[in-house]
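Report on one structure; see the data block that follows.
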Amino acid sequence: MDAIYTAVATANGREGRAVSSDGQIDLRLAFPPALGGDGKGTNPEQLFAAGYAACFASALGMVGREAKIDTRDASVTAEVSIGKDEGGFGLAVVLHVELPEHLHGEQGRDLVEKAHAACPYSRATRGNIPVDLVVE
């Protein structure tokens, strides 16, 4: 791969800070209450959910433009779960893709599948963690 852009961030654990090299991100990290923490900070699952949702929405826009279909009013919500699995802990994702009314049906589902094939996050997770697509 020929890198076009490289993001750099440093974290010192789930109870600390995450900081990007350009200073755009400087966040307190904390365990969520479900994992025994106080929840007074963000966590890796929330950060991953935000990144995946943004990337998938961008991929949906790209495949829409290629097909000359307006996807501007679409939105993506990512649910990232963490839980115990045979290797220790694992992740699972559900992507809720809310499409505008003119894209309900087969055409919209086809665009979502194409976005899933193109999205770098989807490609990175494919075969590694379960990702379910819910088209709404």
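Within 19 Å of residue 118 (Cβ to Cβ), modelled with pLDDT of 95 or more, in a strand (DSSP E or B) and in contact with a strand residue (DSSP E or B) (Cβ under 7 Å, 6 or more places away or on another chain) - does that describe any residue in segment 48-65? There is no residue in segment 48-65 that is within 19 Å of residue 118 (Cβ to Cβ), modelled with pLDDT of 95 or more, in a strand (DSSP E or B) and in contact with a strand residue (DSSP E or B) (Cβ under 7 Å, 6 or more places away or on another chain). For segment 31-55, the set of residues classified as more than 17 Å from residue 83 (Cα to Cα) and under 18 Å from the mean Cα position of the chain (by Cα) consists of 42, 50, 51, 52, 53, 54, 55, listed by residue number. For segment 75-103, filtering for residues that are outside any strand (DSSP E or B) and surrounded by 15 or more Cβ atoms within 10 Å (Cβ to Cβ) leaves 2. Restricting to segment 32-53, name every residue that is surrounded by fewer than 16 Cβ atoms within 10 Å (Cβ to Cβ) and not aliphatic (A, V, I, L, M). Across segment 32-53, the qualifying residues are 33, 36, 37, 38, 39, 40, 44, 46, 51.
Checking 14, 28 one by one, the residue that is within 21 Å of residue 83 (Cα to Cα) and not assigned by TED's automatic domain parsing to the domain that holds residue 124 is 14 and no other.
The values are calculated or read from the model by the stated rules, or taken from the named source; none is laboratory data. What you are looking at is a predicted structure, and each value in this text was computed from that prediction instead of being measured. Note that each Cβ is placed from the backbone with ideal geometry, even for glycine, and that neighbours are counted across all protein chains shown.
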